[in-house]
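Reading through the structure tokens given below for one structure.
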Amino acid sequence: MSTSATTDYQPATEFNPIIIDSFKAYDIRGELGVNLDENIAYRIGRAFAQILFQRYMAVDATTELKNLNPAVVIGSDVRHSSEQLKQASIKGILDAGVDVIDLGMAGTEEVYFATSHYQALGGIEVTASHNPINYNGLKLVKEYSKPISADDGLAEIQALAESGQFITDKPSGKLQLLTDKSSYIDHVMAFIDTDKLKPLKLVINSGNGSAGPVVDLLIDKLVQAGAPIEVIKLHHSPDGSFPNGIPNPMILANRTATQQAVLENKADIGIAFDGDFDRCFLFDEHGEFIDGSYVVGMLAQAFLNKYANESIVYDPRVIYNTEAVIKEHNGKAVISKSGHSFIKQVMRDSGAVYGGEMSAHHYFRDFFYCDSGMIPWLLTIELLSITGKTLSELVSGYIKAYPSSGELNFHLTTHDAPTIISAIEEKFSTENPTKSTLDGLSLNFGEWRFNLRASNTEPLIRLNIESRGDEQLLADKTQDIQQWLAAQGAVPA
């Protein structure tokens, strides 16, 4: 335990009201020098800490909140701008009279873990994840790693940060630098039984993001436990200039390096991460990218094999395969609006053991109902070992039985999202589909269905189509809807 030195950043002595338009539905994300800078990070850190501390002081002494450590955990990814934004946020938290636990360079899930592990008031991860290099942001959680959304605290933080009406009569908080990752690593490793692991060769692409140091620690633990694995590390060293491109495996061009390495090394599996490694992407032994919806089904099966009759939470974008797997393995299917704050709350309400989104976010009850990018690949190599199957064998049946389009994104040039969604509902009204408006619009026609929704994080509308084993039907309906969207001014993103 030691004290960390802050940068020379000094906030203004007077806080004139400003507009901070980098606040989104679940987090803060903005363009550097445009709507995110050190001054804004300072204001957000100070507002966040002040509101959390006031809430902590106001609760009844008998509540569980009184057991919390009145501190805020903070970490940052490898981007060159992240350290400066983190130090500005730290200064804001300290000036609010709240203590800070600085994790150093850390992934988002490390902040989730540390917030609960240290029983802190809340946590901040400074990251832009997979966004362009001239962007950055802050992800916030409150006590027990619970999410904060625009409807549940984020708007209040924004209002205080914008007004600058901060309490000024509190002594400065204290700062600790706690970079030891051993408790986090032990917690993640507890999800698998290393004695069950069979010989496997892995390609792991950290994308020059923040994942490399954690991958090293996990591999060391696996080797120490006698796990017979071989690892080929790709783009492993953290480098905020991202010499091999922004770590975002959702972009087709960014998959090539992992795919080639799997084939060249005859690996059993490829694993890739985004910048803050809260998402995990898998490639089979043929180098084929596995769509996230099929990974959800695979992990649902893995958990239901371990824990009978448990609830599994999933989002409404692609559902056929997930619901079939849950039914086959006697689980309880619980659907949720997509987005981490919704998934996490539904998981807490239902006590679900696992929740998954097709966007490659995977959530775990025993990880404080939070998402992790490290736990999924560990569970997958355990499943490969237990079943003796290849990854393609594990998912090929799912893919054949329930083919899907993958997520198709469109920029809107003529109409807004509600207008488009209303119009497509009218287009199909004569076919009498089953309708759900849980998240955008889902229309189910029995042998095929689609979901059309506005993005929560980007100015896009997103389309997913799936069928029951009929690839030609899927292709026809995908072409039909894409042509219809084009006529409405929706341009492929």
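The values are calculated or read from the model by the stated rules, or taken from the named source; none is laboratory data. None of the values given here were measured: they were computed from a predicted structure. Neighbour counts are summed over all protein chains in view; Cβ atoms, including those assigned to glycine, are modelled from backbone coordinates with ideal geometry.
Checked against the criterion of being outside any helix (DSSP H, G or I) and either surrounded by 24 or more Cβ atoms within 10 Å (Cβ to Cβ) or out of contact with any helix residue (DSSP H, G or I) (no Cβ under 7 Å at 6 or more places or on another chain) (or both), the candidates PHE303, PHE281 yield just one match: PHE281. Of the candidates VAL78, VAL72, the single residue that is aliphatic (A, V, I, L, M) and closer than 28 Å to PRO17 by Cα is VAL72.
Suppose the filter is buried (at least 20 other Cβ atoms within 10 Å of the Cβ), under 30 Å from PHE23 (Cβ atoms) and of a type in the set (D, E, K, R); does ARG462 pass it? Even if it seems obvious, please write down each step before you answer.
Working: buried (at least 20 other Cβ atoms within 10 Å of the Cβ): yes; under 30 Å from PHE23 (Cβ atoms): yes; of a type in the set (D, E, K, R): yes.
Criteria met by ARG462.
Set side by side, the residues ASP99, ASP60, ASP37, ASP77 differ, and just one is charged (D, E, K, R), assigned by TED's automatic domain parsing to the domain that holds ILE124, farther than 15 Å from VAL126 by Cβ and modelled with pLDDT of 95 or more, which is ASP99.
Here is a yes/no grid of residues against (1) surrounded by fewer than 24 Cβ atoms within 10 Å (Cβ to Cβ); (2) at pLDDT below 95; (3) closer than 16 Å to SER145 by Cα; (4) not hydroxyl-bearing (Ser, Thr, Tyr):
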{"site": "VAL346", "(1), (2), (3), (4)": "yes, no, yes, yes"}
{"site": "GLY356", "(1), (2), (3), (4)": "no, no, no, yes"}
{"site": "PHE368", "(1), (2), (3), (4)": "yes, no, yes, yes"}
{"site": "ASP371", "(1), (2), (3), (4)": "no, no, yes, yes"}
{"site": "LEU379", "(1), (2), (3), (4)": "yes, no, no, yes"}
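Scanning the range 356-392 for residues that are in contact with a helix residue (DSSP H, G or I) (Cβ under 8 Å, 6 or more places away or on another chain) and hydroxyl-bearing (Ser, Thr, Tyr) turns up SER359, TYR363, TYR369, SER372, THR380, SER385, THR387, THR390. Residues that are among the hydroxyl-bearing types (Ser, Thr, Tyr) and under 18 Å from ASN244 (Cα atoms) were ranked within the range 184-218; the one that is surrounded by the fewest Cβ atoms within 10 Å (Cβ to Cβ) is SER206. Annotation: of all residues in the range 421-463 being in a loop (DSSP other than H, G, I, E, B), under 28 Å from the mean Cα position of the chain (by Cα) and charged (D, E, K, R), the one that is nearest to LEU408 (Cα to Cα) is GLU458.
Applying the set (1) over 21 Å from the mean Cα position of the chain (by Cα); (2) in contact (Cβ under 8 Å) with a residue 40 or more places away in the chain to ASP27 leaves exactly one unmet item: (1). Remark: pairs (first residue in the range 158-182, closer than 20 Å to LEU138 by Cβ; second residue of a type in the set (Asp, Glu); Cβ separation under 6 Å; 6+ apart in sequence or on different chains) = GLY173/ASP99; LEU177/ASP102.
The residue that is nearest to the chain's Cα centre (by Cα), counting only those in the range 483-493 that are within 27 Å of ALA25 (Cα to Cα) and of a type outside the set (S, T, N, Q), is ALA493.
Out of ASP439, ASP416, ASP476, ASP480, I need the residue that is of a type outside the set (Gly, Ala, Ser), within 30 Å of GLU31 (Cα to Cα), out of contact with any strand residue (DSSP E or B) (no Cβ under 8 Å at 6 or more places or on another chain) and not assigned by TED's automatic domain parsing to the domain that holds VAL318. Which one?
It is ASP416.
Yes/no per residue for (1) in a loop (DSSP other than H, G, I, E, B); (2) closer than 25 Å to ARG462 by Cβ:
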{"position": "ASN248", "(1), (2)": "yes, yes"}
{"position": "ALA253", "(1), (2)": "no, yes"}
{"position": "HIS286", "(1), (2)": "yes, no"}
{"position": "TYR294", "(1), (2)": "no, yes"}
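One line per residue, one yes/no per condition, for (1) surrounded by 15 or more Cβ atoms within 10 Å (Cβ to Cβ); (2) touching a strand residue (DSSP E or B) at 6+ places or on another chain (Cβ under 8 Å); (3) without any contact (Cβ under 8 Å) to a residue 40 or more places away in the chain:
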site	(1), (2), (3)
VAL34	no, no, yes
PHE48	yes, yes, no
THR62	no, no, yes
ILE74	yes, yes, no
HIS80	no, no, no
LEU85	yes, yes, no
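Within the set ALA106, ALA155, ALA120, the sole residue that is at pLDDT 95 or above, surrounded by fewer than 18 Cβ atoms within 10 Å (Cβ to Cβ) and in the same structural domain as HIS80 (by TED's automatic domain parsing) turns out to be ALA155. Every condition in (1) buried (at least 22 other Cβ atoms within 10 Å of the Cβ); (2) farther than 30 Å from GLY489 by Cβ; (3) in contact with a strand residue (DSSP E or B) (Cβ under 8 Å, 6 or more places away or on another chain) holds for ASN451 except the one numbered (2). For the range 226-244, the criterion of a residue being part of a helix (DSSP H, G or I) and either out of contact with any helix residue (DSSP H, G or I) (no Cβ under 7 Å at 6 or more places or on another chain) or not hydroxyl-bearing (Ser, Thr, Tyr) (or both) is satisfied by no position. Look at the range 427-442: where a residue is surrounded by 16 or more Cβ atoms within 10 Å (Cβ to Cβ) and a partner is at pLDDT below 95 and of a type in the set (Ser, Thr, Tyr), sitting 6+ places away or on another chain with Cβ atoms under 8 Å, you get ASP439/SER338.
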